[in-house]
Amino acid sequence: MVWLSLIFFSSASIAVGWCGRAFQRIVTVLLAGLPRDQQVYSNLFFAAEKSVHLMLFALLGVLLWRNLPDVPWRFNATLLAGLTVGVASELLQRFFPGRDPTIRDVIINVAGTAIGAAISLSLARRVAGQSKASAPQPVASGD
């Protein structure tokens, strides 16, 4: 619930303002001495902003994976939940000035959820494979 609250808070104008100011400070330090090119700055900001979407939803995918039952439709349920949260967070933006929901962001949100679920699935398979490899093997009787 805390992570969902953070995702929904990130839809608010105030959260975007905080992130924008933090990004500006980081870029100012990292790019000190380089000419200020507005297009380069805009592209960097866009990449950073969309990376935040991916990270927020990748962790959501991991959290969903860990909390859903181990059933065959687990991956699909994780993606559906990520899609639902992604759409809701985008629609929530309509209530905040300067924010606009986009289909592109919903796609990025679902991609992030898929990344988190895929990482979780991969780790689960690896752990299951190691468990099988370390399990005692039945000894064949020599009758």
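Values in this text are rule-based calculations from the coordinates and carry no lab data. Model, not experiment: these values are computed from the prediction. Glycine gets a Cβ as well: all are built from the backbone with ideal geometry, and neighbour counts include every protein chain shown.
Explain nothing, just the number: dipole magnitude of region 1-80 about its Cα centre with +1 on each Lys and Arg Cβ and -1 on each Asp and Glu Cβ, in debye rounded to the nearest 20.
The dipole magnitude comes to about 100 debye.
Does anything in region 73-87 have its amide N under 16 Å from the 7 Å Cα→Cβ label point of L121, and if so which residues?
Hits in region 73-87 for L121 at 16 Å: 73-83.
When you count, for each residue, the other Cβ atoms within 10 Å and take the mean per peptide, how do 14-24, 111-121 rank with the highest first?
111-121, 14-24
Out of [x] 68; [y] 62; [z] 59, which label holds the value of percent of Cα pairs over 17 Å apart that was computed here?
Matching entry in [x] 68; [y] 62; [z] 59: [x].
From Cα coordinates alone, what are the radius of gyration and Dmax values for region 30-72 in angstrom?
My reading of the Cα-based Rg and Dmax gives 17.6, 55 Å.
Counting other Cβ atoms within 10 Å, which chymotrypsin sites (Phe, Trp or Tyr not before Pro) in region 24-128 have at most 16 and lie in a DSSP loop?
W73
Round to the nearest 0.05 the FRET efficiency obtained for N76 and A128 when R0 = 25 Å and r is the Cβ-Cβ distance.
Efficiency, from the Cβ-Cβ distance: 0.80.
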